[in-house]
1. Can you report the number of residues in segment 163-183 which are open to solvent by 70 Å² or more (accessible area, probe 1.4 Å) and either touching a Phe, Trp or Tyr at 6+ places or on another chain (Cβ under 9 Å) or not in a helix (DSSP H, G or I) (or both)?
2. If you take the residues of segment 231-254 that are free of Cβ contacts under 8 Å to residues at least 12 places away in the same chain and more than 10 Å from the ligand (Cβ to nearest atom), which of them is farthest from residue 200 (Cα to Cα)?
3. Are any residues in segment 12-43 under 24 Å from residue 231 (Cβ atoms) and either part of a helix (DSSP H, G or I) or small (Gly, Ala, Ser) (or both), and if so, which ones?
4. At pLDDT 95 or above, more than 9 Å from the ligand (Cβ to nearest atom) and either acidic (Asp, Glu) or not in a helix (DSSP H, G or I) (or both): which single residue out of 220, 207 fits that description?
5. Which condition number in (1) under 23 Å from residue 73 (Cα atoms); (2) open to solvent by less than 10 Å² (accessible area, probe 1.4 Å) is the one that residue 235 fails?
6. Might you check whether a residue that is modelled with pLDDT of 95 or more, more than 16 Å from the ligand (Cβ to nearest atom), within 22 Å of residue 212 (Cα to Cα) and surrounded by fewer than 19 Cβ atoms within 10 Å (Cβ to Cβ) occurs anywhere in segment 95-113?
7. Failed condition for residue 268, given (1) among the charged types (D, E, K, R); (2) open to solvent by less than 40 Å² (accessible area, probe 1.4 Å); (3) touching a strand residue (DSSP E or B) at 6+ places or on another chain (Cβ under 7 Å), with all others met?
8. Can you confirm whether residue 213 is touching a residue at least 12 places away in the same chain (Cβ under 8 Å), under 22 Å from residue 35 (Cβ atoms), part of a loop (DSSP other than H, G, I, E, B) and within 13 Å of the chain's Cα centre (by Cα)?
Amino acid sequence: MNLNYDNYMQMVAEVRKKTDFKPLIAVTLGTGLGNFADNIDVKAIVNYDEITNLPLSTNPAHKGRFVFGYLDNIPLVLMQGRLHYYEGFTSEEATRPIRLMGFLGANTLILTNAAGGINTSFKPGDFMLIEDHIDAFIPSPLRGNNDNRIGPRFIDMSEPYNKYLINKIYLRAKELSLPIQKGIYVQYPGPQFETKSLIKMFRGLGADACGMSTAIEAVASNHQGIKTIAISFISNMACGILNQKLSDEEVQVEAKKSENNLTLLLKETIKIAYDNL
Ligand code: HPA
């Protein structure tokens, strides 16, 4: 059963027992941003396992917690340890922390991830502002019973990622000489990396990058009326684009190399989001 509004209000009350911090912006930290919380004046930390109904990440390297604090004077909640569909959660379960951050007060969500580049004009180390996504390969987090107090049964998805903010962030990244792109992201279930044929198909469908997260999170946030932005870090070219094998080690190494750029881009994105709340 999908959680309903009352379930979320109970979860909010559980968080409030630990902290009364009210975030305005929520950030999901993807690969390469594990240390981003070091930039924040931390006010409180709440682990997923302290909250009813939040699943625990199956990856012991993922912390599974919310970090509340300020970047400059901007009140943030950071989600350290995303839940993936490939871990065995339903899409609805995997997006519960996203929804909770919204119910805690965040009206803008910034999603980050590592992705494989499909567009041949991209290169590892680039960033891609997600303009739109293809989610037809993954079950919707909205499947099943719908609580109208959270959002309507049928939602418009003609602009899942805020165009105005995308353009602002793009221009700022250009000013800072960061390697910035825009494009379409496709989420597939994983956890195996893609085959060459899958990438050929994705390219035919118009995708510029692929990965195993994010689209379902953006569906949940749009359902809830949260303004959404998403940034992919292109850690590698997708299977078959270059004549080389894919590995998680390569993803981690590239993310480490680009950590400074990632941190800078995310800080600027947070500031732009705050200036346009
Ligand atoms: N495919 C899927 N997910 C990924 C990739 C990829 O090539 N790189 C980083 N995350």
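The values are calculated or read from the model by the stated rules, or taken from the named source; none is laboratory data. The structure displayed is predicted, hence computed values, not measured ones. Every residue, glycine as well, gets a Cβ built from its backbone with ideal geometry; the counts of neighbours run over all protein chains shown. Heads up: the accessible areas ignore ligands, DNA and RNA and are worked out on the full protein's heavy atoms, side chains in. Shrake-Rupley method; radii C 1.70, N 1.55, O 1.52, S 1.80 Å.
1. Total meeting the criteria: 1.
2. The qualifying residue farthest from residue 200 (Cα to Cα) is 253.
3. So in segment 12-43, the residues under 24 Å from residue 231 (Cβ atoms) come out as 23-42.
Those that are under 24 Å from residue 231 (Cβ atoms) and either part of a helix (DSSP H, G or I) or small (Gly, Ala, Ser) (or both): 26, 30, 32, 34, 36, 37, 38, 39.
4. On the way: 220 fails: either acidic (Asp, Glu) or not in a helix (DSSP H, G or I) (or both).
After ruling out the rest, the residue left standing is 207.
5. That leaves (1) as the condition not met.
6. no
7. So the condition that residue 268 fails would be (3).
8. Working: touching a residue at least 12 places away in the same chain (Cβ under 8 Å): yes; under 22 Å from residue 35 (Cβ atoms): yes; part of a loop (DSSP other than H, G, I, E, B): yes; within 13 Å of the chain's Cα centre (by Cα): yes.
Judged against the criteria, residue 213 is a match.
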